[in-house]
Amino acid sequence: MTKIMLPFIRSDLAQFTAYKPHPSSDTAGSVTAQFDRLDTNESPYDLPPELKEKLAWTYQQVIETNRYPDGGHETLKDAIAEYVNESAGLSLSNTAVNISVGNGSDELIRSLLIATCLGGEGSILVANPTFSMYGILAQTLGIPVVAVGRNETNFEIDLKAAQAAIEQTQNPPIRVVFVVHPNSPTANSLTAAEVAWLRSLSEHILVVIDEAYFEFSQTTLVGELAQRPNWVILRTFSKAFRLASLRVGYCVAHPEAIAILEKVRLPYNLPSFSIAAGLVALQNRTLLLESIPQTLSERAKLIEILSQQPELQITASAANFIYLRLKPNAFNSQNAALKTFHQKLKTLGTLVRHISGGLRITVGTIEENTRTINRIQAALANLQF
Ligand SMILES: Cc1ncc(COP(=O)(O)O)c(C=O)c1O
């Protein structure tokens, strides 16, 4: 194709490449159905047929496709508020004012960035490795990203570096700190020291705590929101609630922060079908969350068996995935070995995520996990670098 110039496009966008969703999110399924898709931390289970039937009925009998969706999300927000209260052992009334709903939590991340840092007003702070979308979305909005590191063994945030970054970053100063609880890809929850540091931050800084994997970790900081108007908590229906295809995320925060998010979001950000699916998922949460104990015991099994591989270094996980690296002296050329290891797993039929010098592997069905173990052992058996 001939290269054309688009002189009206913002000059800083030229240096970015578009974020390519993984092949496993191919909607047709034809390319990827042959693989065990363990690279995007989804639930391995589709919605049960009875819930799909309920949704199909709603689609046929209730949803008028010629009408715009309910742009206020009131019913869904009420249901989310009840679940959030229940999950944090709270009994607050009228908590729907503490909720904003997004087209996936990705949309809420972008709205938070628009509401805080746009127009040269702020930078963001992340601790790598972490969820890449914070940095990617910030950059597409021209927002500077300041990154600090983590301890190489337990993946705790380098709090000294983080504090120094907050004190020293000027023009623009850091306005938002993003943390994940538990972190992706490293699967560790925030420690008491990390939470204490977040509490110590000035009210001029927004603290975003992403609890995308809350249903697996069962630890939440929602209970602190009442005292912390500068904190927001993100959650999603894409993981434990099995709705990744329908894009429903939510944010819990002080009503004033929610009011701002409501100002910047698109009026009909959630399709009617997604709103209906979010409601059905919450109404049937006991059924949907019944799979969690199995995921946790399968995770323990994966970690226990794979830890016996002399080449692998695996840390504890509080989420529905595990993160492993090759031991420092296992191979002469670590990077080449990891790349080949990743590729071999794919050739054997398992897709995993190669990220930040390690592999992030979603806990799948019992059968998938057995294949993961066998394929990892087979791939390592003749890995020579
Ligand atoms: C930490 C974290 N936050 C947010 C998301 C995005 O969730 P959603 O599907 O709701 O956009 C993911 C998805 O992998 C994630 O890992």
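The values are calculated or read from the model by the stated rules, or taken from the named source; none is laboratory data. Just so it is clear, the structure is predicted and the values come from calculations on it, not from any experiment. Please note: Cβ atoms are built from the backbone with ideal geometry, for glycine as well, and neighbour counts cover all protein chains shown.
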**Asked** If you check Arg375, Arg360, Arg353, which single one turns out to be without any contact (Cβ under 8 Å) to a residue 60 or more places away in the chain, buried (at least 19 other Cβ atoms within 10 Å of the Cβ) and not hydrophobic (A, V, I, L, M, F, W, C)?
**Response** Arg375
**Criterion: within 12 Å of the ligand (Cβ to nearest atom) and modelled with pLDDT of 95 or more - qualifying residue of Val145, Val101** = Val101
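Return the residues of region 227-243 that are out of contact with any strand residue (DSSP E or B) (no Cβ under 6 Å at 6 or more places or on another chain), more than 14 Å from the ligand (Cβ to nearest atom) and touching a residue at least 12 places away in the same chain (Cβ under 8 Å); say none if nothing qualifies.
Arg228, Pro229
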**Request:** Answer yes or no: is there a residue in region 49-69 that is buried (at least 21 other Cβ atoms within 10 Å of the Cβ) and β-branched (Val, Ile, Thr).
**Result:** no
**Request:** Among the residues of region 181-218, write down those that are assigned to a loop (DSSP other than H, G, I, E, B), of a type in the set (Ser, Thr, Tyr) and either away from the ligand (no atom under 16 Å from the Cβ) or touching a Leu at 6+ places or on another chain (Cβ under 8 Å) (or both).
**Result:** Thr191, Ser202
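Any residue that is in contact (Cβ under 8 Å) with a residue 40 or more places away in the chain, in a helix (DSSP H, G or I) and under 14 Å from the mean Cα position of the chain (by Cα) - is there at least one of those in region 108-130?
Yes, the conditions are met somewhere in region 108-130.
If we only count strands (runs of 3 or more DSSP E) wholly inside region 267-364, which ones have 2 or more residues that are within 29 Å of Glu107 (Cβ to Cβ)?
Details: elements: 312-314, 321-326, 353-355, 358-362.
Correct list: 321-326, 353-355, 358-362.
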**Request:** Give the residue that is nearest to the ligand (Cβ to nearest atom), with candidates limited to residues of region 244-256 that are more than 16 Å from Tyr83 (Cα to Cα) and of a type outside the set (D, E, K, R).
**Result:** Ala244
**Fill in**
If we keep only residues of region 70-89 that are small (Gly, Ala, Ser) and in contact (Cβ under 8 Å) with a residue 40 or more places away in the chain, then the residue surrounded by the most Cβ atoms within 10 Å (Cβ to Cβ) is Ala79
